[in-house]
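Quick notes on the structure that follows.
The values are calculated or read from the model by the stated rules, or taken from the named source; none is laboratory data. As the structure is a prediction and not an experimental result, all values here were calculated from the model. For neighbour counting, all protein chains shown are included, and Cβ atoms are generated from backbone atoms with ideal geometry for every residue, glycine included.
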Amino acid sequence: MSKPVCAIIIPTLGTRDEFLIQCLRSIRASGSAHICIVSPDLDRVVNFREQGLMDQHVQDDSEGLPAAINKAVRALPDHIEFINWLGDDDLLKNSALSTMQSCLQMNPHVGMVFGRCDYIDELGNKIWKNSSGQWASSILTFGPCLVPQPGALFRRQVFNLVKGLNQDLCWAFDLDLFIRIKKVSNLKFVPIDVASFRWHPDSLSVGMRKGSVNEASMVRRAHLSPLLRPLTFIWESPVKRATYIAGMRLSSRIENTLK
């Protein structure tokens, strides 16, 4: 049997085993993948290897999420060509990973593909769908980030070319990565449901909503030319407000479904 050329990295602190098991099983059902868990505690996750739910463990050095993911990418076997990371409470759709991998293999000029992503609550109920298309990649530096990170897959070579994730960022490191990949390659939308992002108060980008929105704005400004930066006041305030309100509405919708 040939070795998988795709890897999914799962950073986890080990506080949500029930969600983590669902996550790992969804990856196995999504396609042939090398699963790498980044965790501070090997003893906690070793049983997942025995169950066939993981292939590799990388020690988390407690230097932040971007640093943990970068370390895991460096530690992956040499034969891995395509990568992404997934939150330990998020899910991949059946066969979606295989479809994304095939798209990258058939389009060598494309550095990253992305598809649609459901937003689900703690019980797995769907509360919203990110159905953005190819146009989402065109507004990365001017509008809200509608390219769903859990629904993406990119070339390891391109990730290394842009020097991985910016470890100085706390929340918007995925947006920053997408913009840098776009500068050196192409992004392609694949019209399939790829992933489910679990929206709840413990989610990194949800619990720190204002910080996430402000950091995303800073990232967008940093990637604009010096000539355009003075003009960002025209669109940045409305974009930040709309992004924040959209997040609050999703949170409110979850609260109503769980009552």
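Observations on the model:
- Residue identified as aliphatic (A, V, I, L, M) and without any contact (Cβ under 8 Å) to a residue 24 or more places away in the chain among VAL190, VAL162, VAL219: VAL162
- Looking only at segment 22-71, and only at residues there that are of a type in the set (Val, Ile, Thr) and at pLDDT 95 or above, the one that is nearest to the chain's Cα centre (by Cα): ILE69
- With respect to the conditions (1) without any contact (Cβ under 8 Å) to a residue 60 or more places away in the chain; (2) surrounded by 17 or more Cβ atoms within 10 Å (Cβ to Cβ), SER138 lacks only one, and its number is (2).
- The sole residue among GLY111, GLY115, GLY164 that is under 27 Å from ARG241 (Cα atoms), crowded, with 18+ Cβ neighbours inside 10 Å and modelled with pLDDT of 95 or more is GLY115.
- Qualifying positions in segment 24-74 - within 17 Å of LEU92 (Cα to Cα) and of a type outside the set (Gly, Ala, Ser): LEU24, ARG25, ILE27, ARG28, HIS34, ILE35, CYS36, ILE37, LEU53, MET54
- Residue match in segment 245-256 (condition: surrounded by 15 or more Cβ atoms within 10 Å (Cβ to Cβ), at pLDDT 85 or above and assigned to a helix (DSSP H, G or I)): no
- Taking strands (runs of 3 or more DSSP E) as the structural unit, those lying wholly within segment 40-137 and holding at least 1 residues that are in contact with a Ser or Thr (Cβ under 9 Å, 6 or more places away or on another chain) and of a type in the set (Lys, Arg) correspond to 110-120, 126-130.
- Residue match in segment 217-237 (condition: modelled with pLDDT of 90 or more and under 14 Å from the mean Cα position of the chain (by Cα)): no
- All of ARG74, ARG16 fail the test of being surrounded by 15 or more Cβ atoms within 10 Å (Cβ to Cβ) and of a type in the set (Lys, Arg), apart from ARG16.
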